[in-house]
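Worksheet for the structure shown next.
The values are calculated or read from the model by the stated rules, or taken from the named source; none is laboratory data. Remember, predicted model here, so these are calculated numbers, not experimental data. Here the Cβ is made from the backbone with ideal geometry for all residues, glycine too, and neighbour counts use every protein chain on show. Ligands, DNA and RNA are excluded from the accessible area calculation, which covers all protein heavy atoms including side chains. Shrake-Rupley method; radii C 1.70, N 1.55, O 1.52, S 1.80 Å.
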Amino acid sequence: MGGADHGPVARTRIAALTGLSPAAVSRQVVDLTGLGLVRERPELVAAAGVGRPQVPVDIDCGRVAVAGVHIGVPGATLSLIDLRGRVLAREDVSSREPGPDGILGRVAGRLPAFLAAHRGGLTLAGVGAVLGGRVDPERGIAVRHEPLGWYEVPLRDALERVTGLPVYVDNHARALAQSEILFGHPDAQHSIVAVFVGHVVDAALGSGGRVHLGPRAATSDIAHQPVPGSRAKCSCGRTGCFEAVVSDTVLFAEAARRGIIAEPDRTLLSEAVA
């Protein structure tokens, strides 16, 4: 509708931005207001205007929110987010138990209580859950996340069971790109490339306001692209993979090998750098 880019805007301005007719815009505003997604802002109308006042319409951040889950290594982050992408509440969940039952069990066990504690009177529209590696949004499945030992894990089903909310699952690099399109620099709506380097390495491509999945949701999967000249061993069994050269796992291990930190650990390295 243009609200996220332009702030409170009149219906005539929305029509000009979207190409919709004024009547279509008015119908949409009525429907979206009923859903608690937008609201009129009569207090912003100039008192001494000429003719019929143009009442601005704005995104309503006081009625609907969404939950967010980021699953990483070796923990996860839970969040509550308003419709402008602002974080209302956040909680870190840690687990060093291997396999999907470890961190996923902690997240599924904690998420309902976290939402109950922070939602107040807000209606929850759903949950967005992201993680690295190969993710299939259509099936809601983490296809492959090697550092976590996840293969074909039904993440969407697990979170829908405990929350009763619709859950959307995606790769975190694609989610970062989508967030930039929605809330970041306007140029990102035309084209964007996002690269994520952590314990896993991912990328995302967006153009025309859409983030691309590719065949079998594979556009994010750059972890095993070969690095010329590298013989670094990868968890997949090959050598010279991009992730085996640049990931946090490699960085922390190298810092421990050099004696900078006692063991491979993000917190220890951050403290050593500080």
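Screening the candidates L88, L78 for the property of being farther than 30 Å from T249 by Cα, free of Cβ contacts under 8 Å to residues at least 40 places away in the same chain and either surrounded by fewer than 17 Cβ atoms within 10 Å (Cβ to Cβ) or touching a helix residue (DSSP H, G or I) at 6+ places or on another chain (Cβ under 8 Å) (or both) yields one hit, L88. Here A173 clears all of (1) in contact with a Ser or Thr (Cβ under 6 Å, 6 or more places away or on another chain); (2) open to solvent by 50 Å² or more (accessible area, probe 1.4 Å) except the condition numbered (2). Summed over the stretch 141-155, the residues that are surrounded by fewer than 21 Cβ atoms within 10 Å (Cβ to Cβ) and either within 17 Å of the chain's Cα centre (by Cα) or in contact (Cβ under 8 Å) with a residue 24 or more places away in the chain (or both) give a count of 5. Among residues of the stretch 243-269 that are more than 20 Å from G132 (Cβ to Cβ) and assigned by the TED database to the domain that holds G229, those with a beta-carbon under 7 Å from a residue that is open to solvent by less than 50 Å² (accessible area, probe 1.4 Å) and assigned to a loop (DSSP other than H, G, I, E, B) at least six positions away or on a different chain give the pairs A255/I261; L268/I261.
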